[in-house]
Every structure is written in structure tokens, then in C-alpha cells.
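Working notes for the structure below.
The values are calculated or read from the model by the stated rules, or taken from the named source; none is laboratory data. In this text the structure is predicted, and so the values were computed from the model without any measurement. All Cβ positions, even for glycine, are placed from backbone atoms using ideal geometry, and neighbour counts span all protein chains on display.
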Amino acid sequence: GENVEQHPSTLSVQEGDSAVIKCTYSDSASNYFPWYKQELGKRPQLIIDIRSNVGEKKDQRIAVTLNKTAKHFSLHITETQPEDSAVYFCAASNTGNQFYFGTGTSLTVIP
Amino acid sequence: NAGVTQTPKFQVLKTGQSMTLQCAQDMNHNSMYWYRQDPGMGLRLIYYSASEGTTDKGEVPNGYNVSRLNKREFSLRLESAAPSQTSVYFCASSKDPAKQPQHFGDGTRLSIL
């Protein structure tokens with residue numbers, strides 16, 4: 001099956017700086033890569049996603065890049081704000097009906 | 001439009017007791033999922049249902065059973081609860097997992113003493 005690795009497990013940045021979270025996957029058949037944000041005690045919520053036919057996608061301060069050859073994808077958050085503090089999960093999916101999640105990155109934005 | 005609704009939100013059980021976690025979605029999604037979330041281990045898939053009438057094991061199915069009652073509802077049953085099953089359980093659904101994300105419920109916090 002698929003194996004998704006996520007790094008780093010914890011990340012602290014100063015407010016206004018950028019944050020980058022990286023994930024690698026093992027199954028070259030994976031073709032859909034969502035990112036979720038989970039605030040303490042809340043449900044995971046989708047923040048951005050990318051499909052395998054696209055190399056980069058942006059939504060305001062958030063961007064995701066995908067390198068299919070190297071089998072890795074990254075989440076970029078620019079101009080971080082305290083409300084960006086949360087746990088972020090990457091995931092990979094193929095046509096097999098399953099999502100495979102990374103183990104999460106706890107992001108702290110220091111005011 | 002409530003999305004994915006899970007009941008109960010909290011539950012405390014004694015070892016050996018049984019219970020069923022309920023999940024319902026109103027988005028006409030085909031696929032439904034049950035995950036458990038433990039500290040430092042992310043989300044681990046217990047069971048999933050690709051469509052009404054089908055269920056399949058995920059990464060950690062031992063000690064659990066599921067029922068896809070209809071397109072809307074997908075329940076998770078613990079037949080004989082064990083302390084190792086203390087966790088937060090999330091139900092999720094997706095219209096097309098190859099192209100579209102999952103939508104999660106609010107979770108059930110389950111403690112087994």
C-alpha cells in the first residue's frame with residue numbers, strides 16, 4: 001500500500017515568516033493530494049488540494065507544489081499569522097478509494 | 001446542510017462493554033470512512049465503504065465492525081471494548097476519493113476504562 005511521510009513533526013515560526021511542510025509518498029499511482037488543517041479539539045478541514053496533472057496551486061497565502069518524479073509535495077504558508085497555528089496533515093489518494101495520511105505537523109506561529 | 005454528523009460526541013465505557021458509533025452524511029457522497037486518531041500517529045483508517053452495500057478493511061480493523069446501512073449512514077461497532085481502543089474517532093465521506101477531498105465529522109471522544 002501507499003506510505004506517506006511528513007516532515008517536520010513540529011515547526012515554530014515568527015509571525016510574518018513563511019512555513020514549509022513536506023510530504024513524500026511511495027505509490028506512483030497516487031494522483032490526488034489534499035492538505036488538512038486541524039485546530040485543537042476540532043475536525044480536520046481541507047485547506048488546499050492538488051491533482052497529479054498540476055505542479056503548483058495557490059490560494060491567497062497558501063500554496064502547494066507537487067513533484068511527481070520525486071514523489072513529494074509541499075505546503076507553503078506565507079506571511080504566517082497566529083491563527084495559522086494548528087496541526088497540518090498531508091494525504092495521498094489513488095483510485096483505490098483510500099486516503100493515506102501523514103502523521104501531522106504541529107505549527108506554532110509566535111506573535 | 002449539516003455535512004457529516006457523528007453521535008455521540010463523548011463516551012466512557014468499561015472494558016468488555018459494546019457500543020456503536022453512528023455517522024450520517026447529507027451530501028449524497030458515495031464513499032464513507034472511519035478513522036481513529038491517537039497522539040503522534042495521525043489518522044489511521046479502520047474501515048471504509050466505497051459505496052452502499054460494500055465495506056472494506058483499512059489499516060487497523062481488528063476489534064471493530066462496520067455497517068453501511070444505506071447511502072447516508074455508516075456505523076462503527078466495538079463488540080468488546082478494550083483500553084487500547086481509547087481514541088478519538090472520526091467519520092468522513094467523499095463523493096469521489098480519486099478527485100475530491102473527504103469531509104469530516106466532529107469526532108467521538110471515546111475512553112475505555
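If you go through region A:32-49 one residue at a time, do you hit one that is at pLDDT below 95, farther than 30 Å from B:THR5 by Cα, of a type in the set (A, V, I, L, M) and not in a strand (DSSP E or B)?
no
Does A:VAL54 satisfy being closer than 21 Å to B:LEU43 by Cα and within 16 Å of the chain's Cα centre (by Cα)?
Details: closer than 21 Å to B:LEU43 by Cα: no; within 16 Å of the chain's Cα centre (by Cα): yes.
Taking the combined requirement at face value, the residue does not satisfy it.
Sort out which residues of region A:65-86 are over 23 Å from A:LEU40 (Cβ atoms) and among the hydrophobic types (A, V, I, L, M, F, W, C), and write them in order of number.
Within region A:65-86, A:LEU66, A:ALA70, A:PHE73 meet the criteria.
Step by step: first the residues of region B:89-113, then only those that are buried (at least 19 other Cβ atoms within 10 Å of the Cβ) and of a type in the set (A, V, I, L, M, F, W, C), then the one that is farthest from the other protein chains (Cβ to nearest Cβ). Which residue is that? Steps first, answer last, please.
To start, the set of residues in region B:89-113 that are buried (at least 19 other Cβ atoms within 10 Å of the Cβ) comprises B:89-94, B:97, B:101-105, B:107-108, B:110, B:112.
The next check asks that each one be of a type in the set (A, V, I, L, M, F, W, C); those that pass are B:90-92, B:104, B:110, B:112.
On the way: B:PHE90: 7, B:CYS91: 10, B:ALA92: 8, B:PHE104: 4, B:LEU110: 15, B:ILE112: 20 Å.
Within region B:89-113, the match that is farthest from the other protein chains (Cβ to nearest Cβ) is B:ILE112.
Which one of A:LEU107, A:LEU66 is more than 14 Å from chain B (Cβ to nearest Cβ), farther than 21 Å from B:GLN100 by Cα and either touching a helix residue (DSSP H, G or I) at 6+ places or on another chain (Cβ under 7 Å) or not β-branched (Val, Ile, Thr) (or both)? Before the answer, list the steps.
Details: A:LEU66 fails: farther than 21 Å from B:GLN100 by Cα.
Result: A:LEU107 is the single residue among A:LEU107, A:LEU66 that is more than 14 Å from chain B (Cβ to nearest Cβ), farther than 21 Å from B:GLN100 by Cα and either touching a helix residue (DSSP H, G or I) at 6+ places or on another chain (Cβ under 7 Å) or not β-branched (Val, Ile, Thr) (or both).
Quick check on region B:22-51: of everything there that is of a type in the set (Gly, Ala, Ser) and within 11 Å of another protein chain (Cβ to nearest Cβ), which residue is surrounded by the fewest Cβ atoms within 10 Å (Cβ to Cβ)? Reasoning before the result, please.
Start the filter on region B:22-51 by keeping residues that are of a type in the set (Gly, Ala, Ser), which leaves B:24, B:31, B:40, B:42, B:49-51.
If we keep only those that are within 11 Å of another protein chain (Cβ to nearest Cβ) as well, we get B:31, B:40, B:42, B:49-51.
Working: B:SER31: 23, B:GLY40: 8, B:GLY42: 20, B:SER49: 22, B:ALA50: 18, B:SER51: 13.
The extreme case among them is B:GLY40.
With the checklist (1) touching an Asp or Glu at 6+ places or on another chain (Cβ under 7 Å); (2) surrounded by 14 or more Cβ atoms within 10 Å (Cβ to Cβ); (3) modelled with pLDDT under 95 in hand, flag the one item B:ALA2 doesn't pass.
Result: B:ALA2 fails condition (2) only.
Tally up the residues in region B:54-88 that are part of a loop (DSSP other than H, G, I, E, B) and more than 14 Å from every other protein chain (Cβ to nearest Cβ), please.
So in region B:54-88, the residues part of a loop (DSSP other than H, G, I, E, B) come out as B:54-55, B:58-63, B:69-72, B:79-82, B:86.
Then keep just the ones that are more than 14 Å from every other protein chain (Cβ to nearest Cβ); that gives B:62-63, B:69-72, B:79-82, B:86.
Of the residues in that region, 11 qualify.
Return the total of residues in region B:1-52 being of a type in the set (Gly, Ala, Ser) and within 26 Å of A:THR103 (Cβ to Cβ).
Step one: filter region B:1-52 for residues of a type in the set (Gly, Ala, Ser), giving B:2-3, B:16, B:18, B:24, B:31, B:40, B:42, B:49-51.
Now drop any that are not within 26 Å of A:THR103 (Cβ to Cβ), which leaves B:3, B:31, B:40, B:42, B:49-50.
The total comes to 6.
Considering only residues that are surrounded by fewer than 17 Cβ atoms within 10 Å (Cβ to Cβ) and in a strand (DSSP E or B), look in region A:50-61 and name the one that is nearest to the other protein chains (Cβ to nearest Cβ). Before you say what the answer is, go through the steps one by one.
Let us first name the residues in region A:50-61 that are surrounded by fewer than 17 Cβ atoms within 10 Å (Cβ to Cβ), namely A:51-61.
Those still in the list that are in a strand (DSSP E or B) too: A:51, A:56-59.
Working: A:ARG51: 7, A:GLU56: 18, A:LYS57: 13, A:LYS58: 17, A:ASP59: 13 Å.
This residue is A:ARG51.
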